[in-house]
1. Work out from phi, with θ = phi - 60° and the Karplus expression 6.51 cos²θ - 1.76 cosθ + 1.60, the ³J(HN,Hα) of each residue of segment 129-134, listed in order in whole Hz, and give x for Gly and Pro.
2. So between M202 and R17, what do we pick up on full extension, going 0.36 nm a residue minus the alpha carbon distance?
3. Neighbouring Cβ atoms within 10 Å as the yardstick, rank S303, S335 fewest first.
4. How much length would be gained if the chain were fully extended between S175 and R61, taking 0.36 nm per residue of separation minus their Cα-Cα distance, in nm to one decimal?
5. Any idea what the dipole of segment 82-192 comes to, in debye rounded to 20, about its Cα centre with Lys/Arg Cβ at +1 and Asp/Glu Cβ at -1?
6. Ignoring everything except DSSP H segments at least 4 long, calculate the 222 nm mean residue ellipticity for the chain; use -39,500 (n - 2.57) per segment, divide by total residues, nearest 500.
7. Toward the positive end of the charge dipole of the chain, about the Cα centre and with charges on Cβ (Lys, Arg +1; Asp, Glu -1), which of S237, I334, L78 goes farthest?
8. Taking R0 as 45 Å, what FRET efficiency do you get between Q69 and H193 from their Cβ-Cβ distance, rounded to the nearest 0.05?
Amino acid sequence: MGARKKHAPRRGSLGLRPRKRASRIVPRVRSWPDPELPQPKLLGFAAYKAGMTHVLMVDDRLHTRTHGQEIFKPVTILDAPPLYVLAVRAYSIHPVKGMYTLTEAWTTPPKELEIIRKVHPLPEKLDPEPKLKIIEDNLEKIVDIRVLAATQPKLAGGIPKKKPDIVEIRIGGGSSVEERFKYAVEILGKEVHAKDVFEEGMFVDVIGVTKGHGFQGVIKRFGVKELPRWHKHRKGSRRIGARSPGFGTVSETPQAGQMGFHRRTEYNKRILKIGDNGLEVTPAGGFISYGVIRGPYIMLEGSVIGARKRLLILRYPVRPPPYIPAHPPQITYISLESKQGV
């Protein structure tokens, strides 16, 4: 009789532990890249997931069998109303504690965004000039400039809520912090569109919260095999398995728990198209459970995380691919067939 097996294949990636619910539905970007851009620019944008369709485009990938030919591509459409820049935030650095907020300059929101006061505690005096003066006098201490931008869900086609979400976006590019600060002052109190941040054909990272599936067992959560039929009557067929040290630590053992609604990042999703008229990509009858897009939109290649109507953060890639096509993608056909019967 052979020795007893004391190991099993690992179930799931340890990089995704702990598999717990996201603390907030609007994700916080934990790290920002530092791309070489000639002019200062926002390094991120927020948009709402509307749905999926498909396109025909010319394959511009090198060394592929279909290079130069029309190929089928599934795409995700994001409803991307412009962001309104509410504040400029300056970060300094402490030798021990790290980065901290030096100060932030808030501007008065327009009447359409007065509801922001119920979402975010604003300062009593919304006069940005004194705070901007403090930032300008301490530019040698500042290491990073970011803005606080508010989404405008009222301008989105299928978002039923009115309260905006506030996201923090870093300003990158340029040759100095002073240039980034001047750019931040220029866009303070103004709208920023997706085409001002990204370009067609570039790659972005998508940060968001995945679909939630509630509390699930090990079969659905980790794909563990069910016990054979002749074991079902005795100990049950959907057991967790051994937990002794010989079979790995308890943290690596598949267990029941929360499945979905996790904060995740998808790297290097390509932007195929950025447009101002969402009707040119909206299927007949509108997107399922979303509706019609009438304003600006972003078309991403493939699928992305999150449920419909969920806010996603698009960011400049932190690990860009080695090859990026020099020209924007050439789309020859966009499917506008109804998705209601799918």
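1. 4, x, 5, 5, 5, 5
2. My answer for the length gained is 63.5 nm.
3. S303, S335
4. 37.8 nm
5. I would put it at about 520 debye.
6. Mean residue ellipticity, 222 nm, calculated: -2500 deg cm²/dmol.
7. S237
8. In this case the efficiency is close to 0.85.
Readers should treat all values here as calculations from the given coordinates under stated rules, not as data from a laboratory. The structure displayed is predicted, hence computed values, not measured ones. Cβ coordinates were reconstructed from backbone atoms using ideal geometry, including for glycine residues, and neighbour counts include every protein chain displayed.
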